[in-house]
1. Sort out for me the strands (runs of 3 or more DSSP E) sitting completely within the stretch 193-280 that have 2 or more residues that are surrounded by 17 or more Cβ atoms within 10 Å (Cβ to Cβ).
2. Select from the stretch 51-75 the residues that are within 14 Å of the chain's Cα centre (by Cα) and more than 16 Å from D137 (Cα to Cα) and list them in ascending order.
3. Of a type in the set (G, A, S) and surrounded by fewer than 19 Cβ atoms within 10 Å (Cβ to Cβ): is that true of A187 in this structure?
4. Can you name the number of the only condition in (1) β-branched (V, I, T); (2) in a loop (DSSP other than H, G, I, E, B); (3) modelled with pLDDT of 95 or more; (4) open to solvent by 20 Å² or more (accessible area, probe 1.4 Å) that V96 fails?
5. Do we have any residue at all in the stretch 181-188 that's of a type in the set (S, T, Y) and not in a helix (DSSP H, G or I)?
6. Within the set of pairs 6+ apart or on separate chains, which have a first residue in the stretch 277-289 that is touching a residue at least 40 places away in the same chain (Cβ under 8 Å), a second that is part of a loop (DSSP other than H, G, I, E, B) and among the hydrophobic types (A, V, I, L, M, F, W, C), and C-beta atoms under 7 Å apart?
7. Can you name the residue in the stretch 126-154 that is open to solvent by 20 Å² or more (accessible area, probe 1.4 Å) and in a strand (DSSP E or B) and, of all such residues, is modelled with the lowest pLDDT?
8. State all residues of the stretch 155-173 that are touching a helix residue (DSSP H, G or I) at 6+ places or on another chain (Cβ under 8 Å) and either open to solvent by 80 Å² or more (accessible area, probe 1.4 Å) or closer than 17 Å to R204 by Cα (or both); if no residue qualifies, say none.
Amino acid sequence: MLMTAKRDADDVPAQRRATMAGTTFKTAGVSKTWTFFDGDWHEGNAPIMGARTHAAWLGSMVFDGARAFEGVAPDLDLHCARVNNSAMSFLLKPTVSVDAWLGLATDGRKRFEKHAELYIRPMYWAETGAPGGVRHDPDSTRWCLCIYEAPIPKPTGGAITLSPFRRPTAECAPVEAKAGCLYPNNARALIEAMQRGFDNCLMRDMLGNVAELGTANVFMAKDGVVLTPAANGTFLNGITRQRIIKLLRDDGATVVEKTMSYADFQDADEIFSSGNYSKVSPVIRIDDRELQPGPFYRKARELYWAFAHR
């Protein structure tokens, strides 16, 4: 009887299965995906956790995200190194060397078209924890490498506002790691902003200084100078952020990292973002004030694309 019930459930389309437990929800489509897990490559949305997996219900997971596009994968080594650093700061045990991550990523990319736009996501998580739950067991650390098609968003620009939600400090959360448990806070900030008609939002730290956008690091320009919030430990000092700062400075631009207020951004000549998923994108409205993609945004994007293809 149980075997028959399982076979019948497997024959039900995913959207219908999503309603079988009495709850209706949309199942997201999955783009072409390959995941290296337990010693082999698996196609599609491979299951890697169970209901008792510590990370699945208590968030003991870190990851990173690199990009491949137009046949290149800029700073892939830095992303692979950062996931290992995140694991250590989260008290997980990183067991994959940077060279091994790079080798797997190279092998995995061969499963896609040469110029496919890909997201490359190495992950570590805790499988088990102490009795009672909260503490994870570092010796139970598992890992996978997931690679999937994810087109880079077109740089059409978006509208931003100020979020009422703030970034935590190191005393409150593992902000030095790229940890999954940090993202629900950003998600609620984004949802709240979108409900008010915006595409993204600026988030402040606990002292009221601007830290980042809900999905990326942020830059602005005023009177010929590029400014960006100083990395003060309340947000991830992004690899693409660091690369953009260096590229602009090497090109002769003045880039200042400093404590910044929301009023600074309201008065900006231009605003743009940097992040691994979208790379470099302009902001075309802050609250009700229209902006245009500016010269520093265009230069940053041009310099990054040139760097990526070197």
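The values are calculated or read from the model by the stated rules, or taken from the named source; none is laboratory data. Because the structure is predicted, anything quoted here is derived from the model rather than measured. In this analysis, Cβ positions are derived from the backbone assuming ideal geometry, glycine residues included, and neighbour counts consider all displayed protein chains. Quick note on the areas: whole protein, heavy atoms, side chains included, nothing else; ligands and nucleic acids left out. Shrake-Rupley method; radii C 1.70, N 1.55, O 1.52, S 1.80 Å.
1. Working: elements: 200-204, 210-213, 217-222, 225-229, 255-258, 270-275.
Where strands (runs of 3 or more DSSP E) fall fully within the stretch 193-280 and carry at least 2 residues being surrounded by 17 or more Cβ atoms within 10 Å (Cβ to Cβ), they are 200-204, 210-213, 217-222, 225-229, 270-275.
2. Residues of the stretch 51-75 that are within 14 Å of the chain's Cα centre (by Cα), as a first pass: 61-67.
Matches in the stretch 51-75: F63, D64, G65, A66, R67.
3. Judged against the criteria, A187 is a match.
4. Result: V96 passes all but (4).
5. Our first condition is that a residue be of a type in the set (S, T, Y); within the stretch 181-188, this holds for 183.
Adding the requirement that they be not in a helix (DSSP H, G or I) leaves none.
Looking through the stretch 181-188, none of the residues is of a type in the set (S, T, Y) and not in a helix (DSSP H, G or I).
6. Hits for this filter: S278/I152; S278/A216; K279/I152; V283/L291; I284/L291; R285/L291.
7. G129
8. Passing the criteria: I160, T161, L162, S163, P164, F165, R167, P168, A173.
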